[in-house]
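Data block below; observations after.
The values are calculated or read from the model by the stated rules, or taken from the named source; none is laboratory data. Source: prediction; values computed, not measured. Glycine also receives a Cβ, built like all others from the backbone with ideal geometry; neighbour counts cover every protein chain displayed.
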Amino acid sequence: MLVGNVLSGVTRLVKVLFVCTGNICRSPTAEGLMRAHIAKTGLGHLISVDSAGTHGYHVGEPPDRRSIATARRRQVDIAGQRARQVSPADFADFDIIAVMEHRHRQLLLAQCPPGLEDRVCLLMSFARDGDPLEVPDPYYGDDGFDAVFDMIERGVLGLIDHLRRTRRIGAAGA
């Protein structure tokens with residue numbers, strides 16, 4: 001059964017992929033936050049969420065322990081996620097591929113099949129004005145995880161608002 005946004009009278013699931021470098025800090029946090037927010041708002045059956053890394057450094061591993069701890073303190077569970085690398089099929093499978101840095105976008109655009117480039121965007125392009133467009137990588141320090149969590153949450157909430165406006169998700173009849 002297809003559910004989700006209304007396009008030309010056909011209802012379908014909207015699929016979102018979050019991407020960072022190794023898929024152990026930022027993108028699992030974004031995936032967990034998106035899942036939590038769409039569950040709270042009753043949109044879980046309309047939006048599908050996953051995450052991946054541009055590189056396969058940590059394939060099969062759980063998120064970084066500091067990301068798990070930060071999310072847990074905020075009542076978001078990301079411990080069960082496992083890192084994976086972006087695959088060629090992801091470009092056709094996902095409607096939105098939200099990346100954390102310009103570098104991620106460039107790497108993905110170099111692999112992207114023609115005609116699907118508009119699916120690859122910066123997560124923070126959905127956030128409020130004044131937020132930086134890139135989410136810094138907290139991996140090499142211990143004190144940036146809370147700030148990164150807050151920043152990603154603003155991007156995720158902006159993305160949900162964008163989907164509601166442009167894809168009529170959560171609107172009457174959707």
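Applying the condition of being modelled with pLDDT under 95 and assigned to a loop (DSSP other than H, G, I, E, B) to the range 6-26 and asking which residue is nearest to the chain's Cα centre (by Cα) yields Leu13. Suppose we keep only residues that are touching a residue at least 12 places away in the same chain (Cβ under 8 Å) and over 15 Å from the mean Cα position of the chain (by Cα) within the range 115-131. Which one would you say is farthest from Ile96 (Cα to Cα)? So, considering only residues that are touching a residue at least 12 places away in the same chain (Cβ under 8 Å) and over 15 Å from the mean Cα position of the chain (by Cα), the one farthest from Ile96 (Cα to Cα) is Asp131.
Annotation: Ala110 fulfils all but one of (1) closer than 22 Å to Asp143 by Cα; (2) surrounded by fewer than 17 Cβ atoms within 10 Å (Cβ to Cβ); the unmet one is (1).
Residues that are over 17 Å from Asp150 (Cα atoms), β-branched (Val, Ile, Thr), part of a strand (DSSP E or B) and in contact with a helix residue (DSSP H, G or I) (Cβ under 7 Å, 6 or more places away or on another chain): does the range 40-59 have at least one? Yes: the range 40-59 contains one or more residues that are over 17 Å from Asp150 (Cα atoms), β-branched (Val, Ile, Thr), part of a strand (DSSP E or B) and in contact with a helix residue (DSSP H, G or I) (Cβ under 7 Å, 6 or more places away or on another chain). Quick check on the range 138-152: of everything there that is under 15 Å from the mean Cα position of the chain (by Cα) and not aromatic (Phe, Trp, Tyr), which residue is surrounded by the most Cβ atoms within 10 Å (Cβ to Cβ)? The selected residue is Ile152. Just one residue in the set Ile78, Ile96 is touching a Gly at 6+ places or on another chain (Cβ under 6 Å) and either basic (Lys, Arg) or surrounded by 15 or more Cβ atoms within 10 Å (Cβ to Cβ) (or both); that residue is Ile78. Would you mind telling me which numbered condition in (1) in a helix (DSSP H, G or I); (2) within 15 Å of the chain's Cα centre (by Cα); (3) not acidic (Asp, Glu) Thr70 fails? Answer for Thr70: the failing condition is (2).
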